[in-house]
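Structure, as structure tokens:
The values are calculated or read from the model by the stated rules, or taken from the named source; none is laboratory data. Everything numeric here is computed off the predicted structure, so don't read it as measured data. Cβ placement follows ideal geometry from the backbone for every residue including glycine, while neighbour counts extend to all protein chains displayed. Accessible surface is based on the protein model in full, side chains and every heavy atom, while ligands, DNA and RNA are left aside. Shrake-Rupley method; radii C 1.70, N 1.55, O 1.52, S 1.80 Å.
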Amino acid sequence: MKVGLKWKVSFIIISLVAIGGLFWKPSVDFPNTGDFLGEESIVGSDVAWILAAAGLVLLMTPGLSFFYGGMVGKKNMISTMLQSFIALGVISILWIVVGFSLSFGDSIGFEINGEHYGIIGNPFTYPFFNHVSVYPHKTMASTIPFILFALFQMKFAVITPALITGSFAERVRFISYLVFMVLFSLFIYTPLCHMVWHPEGLLNKFFGVKDFAGGTVVHMSAGFAALAGAIVLGRRKNPHHEPSNIPYVILGTGMLWFGWFGFNAGSALSANATAAIAFGTTTIASASAMMTWIFFDRINGRKVSALGACIGAVVGLVAITPACGFVSIQESLFIGFAAAIVSNLMMNWKALKKIDDTLDVFACHGVGGIMGMILTAIFAHGENASLLHGGIVVFTHHMIALVLVSVFTFFGSLLLYKITNRIITLRVSEESENIGLDMSQHEESLKW
């Protein structure tokens, strides 16, 4: 079989990265110097919890593989599952080399009235995890080793591009997707992550955006990138298909729900009361959304379905993500309820159906993330923290930030798809699409 230049270049890149790491002199900062605290600041219970939480978040990516894989047609199941799973390899390496630096490195941005506001991190702050200390950072995760914080955040970076794949399932070339994944992570995810979660970040420091665990950084960015991808790649030749394995969808939902406890409660970065609240609001919002979804389907003349229950549960998880550590259990019930109705309406909106977002990623993650951001700005606890607590300015800033993030992620992703298509054609041929991506891209097929 003839091997194209693109694959040779890909192998050369991974070879250079792997071998180059040997020549990068490791450096670990000493305690009580610069940005780092001493070993006495490490809290064992916090370390144990974040180690567990990081493992839970990692589990979400194979869970997403089952969730998406069960929804597509039989001849595209393996390819769809691999598109999610492969992110564990690609993004993990990218994160170590430069992604963490761009997300949490020294702020590069501008000044307003003597205050610095960051847009993106300096890529030379932590290259190849250099200076990622085993001691706690003074302003980021002050009770756990900084390397644990970096690895925990890596799992968020992994699942974000994997979420996008549901929008262009059954028609994208695998190598093109890998190129886009890298570009998206470098130019969309890392600056957004820096602006929201870095202490000097623009959206954090200037706008005061509250995003406890990634509603803006992860779900809105993935949702709008998914919408852009569905538009660029166009409709499938046969847009109507039967889900190949509903039990896989249920299994994937369970794995996502389980892993989401690490995603949300772990974002407290400590084994404390906030983590416990986030744990509770996460499961209640998901339960509320699941039940709302199936009852809303029924009163609109649709059957109660396992697929609907699973989608509803995930929408609830998405919507509560930015708010989980800021709201009460009672408010999480409403957040799940409201998000399920709005996402359900969007999923069944005829105008959106014309775009052929294969697995309705925008309606679930994009709209769910938007709802989460709005409801966080309404309900978040604390003096002047939200609209219901005297924070009209905070609410206004959230709405401005929502527009800015939507425009940035949608049009930025649109540009990256165009660039990717110029490098390597995004869409498979009509023949390959008819055969199915499992065989045409990977020469593998289901045996049942």
Q) Which cross-chain or sequence-distant (5 or more) residues have an amide H under 5 Å from the amide H of GLY109, H modelled 1.01 Å from N in plane? A) ILE119
(Q) Relative contact order of the chain, please, whole-number percent, based on alpha carbon pairs below 8 angstrom and at least 6 residues apart. (A) 21
Q: For region 15-89, give the percent of accessible area contributed by carbon and sulfur heavy atoms, probe 1.4 Å, rounded to a whole number.
A: 74
Q. What number comes out for the charge environment of LEU307, summing +1 per Lys or Arg and -1 per Asp or Glu over other residues with Cβ under 12 Å away?
A. -1
Q) Excluding ligands, DNA and RNA, what is the solvent-accessible area per residue of the chain at a probe of 1.4 Å, expressed in Å²? A) 41
Q: Report the label-to-label distance for VAL304 and THR425 in nanometres (one decimal), using points 7 Å from each Cα along the Cα→Cβ vector.
A: 4.8
Q: With a ≥ b ≥ c taken as the square roots of the eigenvalues of the C-alpha gyration tensor of region 1-98, please select rounded if a/c is under 1.5 and otherwise prolate if a/b is larger than b/c or oblate if it is not?
A: oblate
**Q.** Neighbourhood net charge (12 Å Cβ-Cβ; Lys/Arg +1, Asp/Glu -1) for GLY118
**A.** -3
Q) For the chain, what does -39500 (n - 2.57) per DSSP helix run (n ≥ 4), summed and divided by total residues, give at 222 nm, in deg cm²/dmol to the nearest 500? A) -18500 deg cm²/dmol
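Just add up the charged neighbours of VAL249: K/R +1, D/E -1, any other residue whose Cβ is under 15 Å from the Cβ of VAL249.
-1
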Q: Multiply the residue separation of TRP349 and ILE392 by 0.36 nm, subtract the distance between their alpha-carbon atoms, and state the gained length in nm to one decimal.
A: 12.3 nm
